[in-house]
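Notes to accompany the following structure.
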Amino acid sequence: MNEIVYKDYSQTDLDAEYNNQAKVADFLSYMKEGAALCATARKEYPDIKTICFDDASGQYLDIVYPKDRTNRPYPVQVFIHGGYWKALSKENFTFVARAFAEYGIATVIVDYQLIPKVTMDELVRQCRQSLAYLHRNASDLDLDPADIHISGHSAGGHLVAMCMGTDWSEFGEDLPVQIIKSGVGISGLYNLLPINLCYLQKDLKLDGATVKHNSPIHLKPPLEGNLHLTLGGLEGEEYLDQSTAMKNAWPNRTAEPIVLAPYNHFSIVNSLADPTSALSTLIRRAMGHPE
């Protein structure tokens, strides 16, 4: 008998809800597509600056500028990649800049050390540090410190919410109450309890305390800035429940999750390579910038 481990899910069923590679049989084709799209983006927008944003960890971010820097300082869209906190890097997502560059928006793609090399606490700290660095150094980078926005996919959606729920005074008295003007979580993970109970725990090794204080649904809502929630129509019930739980946790800072058809977990993020896609348009609208 398959014992119930979470909600109405058996272990087999819960594992299946979060095993995106198994749910999308041709997921490798999306990874190959993403690599090709990144190569195209680097040719289209060669003005890319790579900067170490955190001396403690030695982590880097890429800034992809629009062509012909004439409209500075630029509004900023910061993208945090997914990979279940244990895979991928900023190099896999250069293509997201295609959603923003032609609209006069600079794109920042953030790297962070992966589990098991670091703990979840340290991983989150690094992502927060990237925002603090961008705010402090905006003028030197031709960026507008009052126009910083953030988005992230899957585990990156989790990190978006963790950054939005940050007490920035912990990173210095020079920082405002909220660095982030808007956030978009794409197929995000906001409650780590089911992650702790499914097959991912074998690699992540999260303890109970880590699960609780790194679950955005348990953070206080930010005083400023709205979090927009979206996911693909083919992602499954548990991914929808994740976004719904986040909406319920921050009712005054979020709205009902937007389900985008016909995307799966991989095609939805690749759609950022198309500036006219529903996701690209949604993020620019959240920024308050023209379409």
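The values are calculated or read from the model by the stated rules, or taken from the named source; none is laboratory data. Bear in mind the structure is a predicted one, so any value in this text is a computation, not a measurement. Cβ coordinates were reconstructed from backbone atoms using ideal geometry, including for glycine residues, and neighbour counts include every protein chain displayed.
Among all positions in the stretch 79-86, there is no residue which is among the basic types (Lys, Arg) and either crowded, with 16+ Cβ neighbours inside 10 Å or on the phi > 0 side of the Ramachandran plot (or both). The residues of the stretch 200-212 that are part of a loop (DSSP other than H, G, I, E, B) and exposed (fewer than 15 other Cβ atoms within 10 Å of the Cβ), listed by number, are 205, 207. The residues of the stretch 166-202 that are touching a Phe, Trp or Tyr at 6+ places or on another chain (Cβ under 8 Å), touching a residue at least 60 places away in the same chain (Cβ under 8 Å) and not hydrophobic (A, V, I, L, M, F, W, C), listed by number, are 187, 194, 199. Applying the set (1) surrounded by fewer than 21 Cβ atoms within 10 Å (Cβ to Cβ); (2) in contact with a Phe, Trp or Tyr (Cβ under 9 Å, 6 or more places away or on another chain); (3) of a type in the set (Ser, Thr, Tyr) to residue 215 leaves exactly one unmet item: (1). Any chance the stretch 29-42 includes a residue that's under 29 Å from residue 124 (Cβ atoms) and either part of a loop (DSSP other than H, G, I, E, B) or at pLDDT below 95 (or both)? The answer is no; no qualifying residue exists.
Only strands (runs of 3 or more DSSP E) whose full extent lies in the stretch 44-88 are considered here, and none of them has at least 3 residues that are of a type in the set (A, V, I, L, M), more than 16 Å from residue 152 (Cβ to Cβ) and in contact with a helix residue (DSSP H, G or I) (Cβ under 8 Å, 6 or more places away or on another chain).
Of all residues in the stretch 254-273, none are surrounded by fewer than 16 Cβ atoms within 10 Å (Cβ to Cβ) and touching a residue at least 60 places away in the same chain (Cβ under 8 Å).
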